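*Asks:* Here you go, one structure.
Every number here is computed from the coordinates shown, using simple stated rules; none is lab data. Treat the numbers as computed from the prediction; the structure is a model and nothing was measured. Reconstructed Cβ throughout: ideal geometry from the backbone, glycine too, with neighbour counts over all protein chains shown.
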Amino acid sequence: MSESRAYSLLYLKQLDTSSRTFGGIATTPDLDRQGHSIAPAGVTFRNPIPLLFHHDVQRPIGRVTLFPATAEGIAFEATLPDIPEPGTLRDRVNEAWHSVKAGLMHGVSIGFRVLDDAVERLPNGGLKLLKTEILELSLVTIPANAAASIRTVKSLAVSDPAVAGHLAQARGTPRMEPINEQVKGFEASRSAKAAQMQTILTGGEAGATLDELQQKEFDRLDGEVKALDGHLTRLRRLESLHVASATPLPATVTSTQGAELRGGTVVSVKPTAPKGSAFIRAACALLEAKGDTYRAQGIAERWKDSTPEVALYLKAAVAAGTTTDPTWAGALVTVNNVKADFLELLRPATIIGKIPGLLAVPFNSAIPVQTAGGTYGWVGQGAPKPVTKLGFGTATLGIAKAAGIVVLTEELVRLSNPQAEDVVRRDMIAGIAQFLDQQFVDPAVAAVTNVSPASITNGTTAIATTGNVLKDIQALVATFTAANMPLIGVTLIMSETNAFTLGMIRNSDGSPAFPGMGATGGSISGITIVTSNVVGGNVILVQPRYILYADEGGVNIDVSREASVQLETAPDNPALATTVMTSLWQNNLVGLRAERFINWNRAVLAAVKYVSGAAYVPAVMPLELEGANAGKRKSAQE
């Protein structure tokens, strides 16, 4: 990358007319008007560097000493020589010096180059420059960094009327800096003067003494250093007195309390894009870019105002993270947030997301499971106590994944119509949710070694329905009671149709037999009911605490335009001679492959029981069952 420039206002920490020296801040981490930022910690330089006039390399005017980087930026001290001989050089240097003294030239700009292409794209579209080398500092008229401001102007010897007027104007509108900022400024000035003293002593020939001018300059600098040391001692003493007399701020635990303490209001910023948009847009950008992540970053710029994390997600996918990369952790969080944005939609849409209390465990970890309890009994006086034992086993959830490929036309994924994005979002949510639900509860789904888990109902003997929901639930509860399975926290799973029908059942007086029940579920006698049409006529009772599940927490996306795929829901494995493969490239199609790593296991057989063949119909509650609910209705009416 060629030499670049970054600007800030001239922070005049000190103006010394006798030595034509001034100091300030060369660069800060604030964003400039181009939206770029320079990280001070990544800046390198070799003192002294030239001081130029408007970045003109053919018009040097002095020398600059840069100081170590701080969180606020990088300070500098510049010196302009006093040229005795008439000529263009003296005119140029004097013009620059008088411009600084009069406050007309109040901007500075660094000339730098980026090292190792160490840049990071910011959400606003600008760049954060992580590693740079400063080559020169220039005086400029119009700075690009609007965040800076002139702080103080101090002179050790003021005889020039222009300078005196400038200082009088500054004193007319005084601005007291915090003590710690004053300390930093004076320390920077002291360091600069000490460096100049060292240069005077070591810059000559070996064994040579200082000439008269060098002695005067050294003695002058030595006196100023002593004066600065005394003033710094007084400032630090004042700072310690302020700390001792300070009143602690009250503790704040909410954003509202913090805002009241600052005298402001709480401002919250919420994304305007629908949930899942960041994930889907990242996938669509990859599709349109035909899998080229670099191009996909450019495509994602169209959404930088509503979902800027999309570009960061795609950028993070380019390079592998390392433990020594300071930007690795931030990129990881961004990637996870993009995936979590989609899973926040997906999990509630699945039965697993609706059931509270499932026992989350990691992949490939052995989980101890109690399989049998001890034997206990009464013991008479002086009689021996029985010896008992417990039964334990282990359950391990290996890595399993659910995957699918969605094939779309290139015209659709270009998102010329905003509805195309909703099409992709709805299809992915509905498709993955339906498949996982069916695999989770279908009794016919058996385990396939190293491929997929069995459903939670597989291997369980079904109870035939009575046609009456209360009798069916009572039969299920009875099996739990017989197995000594706790009822606290149990969940019923049934179809949306059956749940809706329960909401339509009425007592003889016309009141709802099951208030609050509907197609989305509800509760009956404290038992939570969740719904999914994949269960069909089954009504499943589950104790979630005995259902183990492992979830990676993300959906992985990959795209291809050149692959050939078999467009079947159950592709041949392996491919046969009769297998028909479709070329995505030939048919102007792109394939989007989604994978989710998830697994589950029923730790205890008795933790799941189900009724089969249930197809409830709207009706009036039979009298014998209505009588059982009479007390409950009367209590509710009272």
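*Asks:* What order, most packed first, do the peptides 466-475, 112-121 have when packing is the mean number of other Cβ atoms within 10 Å of each residue?
*Replies:* On the way: 466-475: 17.5, 112-121: 15.2.
Packing proxy ranking, top to bottom: 466-475, 112-121.
*Asks:* Once you have a ≥ b ≥ c as the square roots of the Cα gyration tensor eigenvalues for segment 84-125, tell me rounded if a/c is under 1.5, and otherwise prolate or oblate according to whether a/b is larger than b/c.
*Replies:* Details: a/c = 6.69, a/b = 2.38, b/c = 2.81.
Oblate.
*Asks:* Between their Cα atoms, which of Lys354/Lys401; Lys128/Lys193; Lys471/Lys609 are more than 24 Å away from each other? Please list the in-between numbers first.
*Replies:* Values: Lys354/Lys401 20 Å; Lys128/Lys193 33 Å; Lys471/Lys609 14 Å.
Listed pairs above 24 Å: Lys128/Lys193.
*Asks:* Within the set of other residues whose C-beta is less than 11 Å from the C-beta of Ile529, count the net charge using Lys and Arg as +1 and Asp and Glu as -1. Before the final figure, lay out the partial values.
*Replies:* Working: positive: Lys354; negative: Glu496.
Net charge around Ile529: 0.
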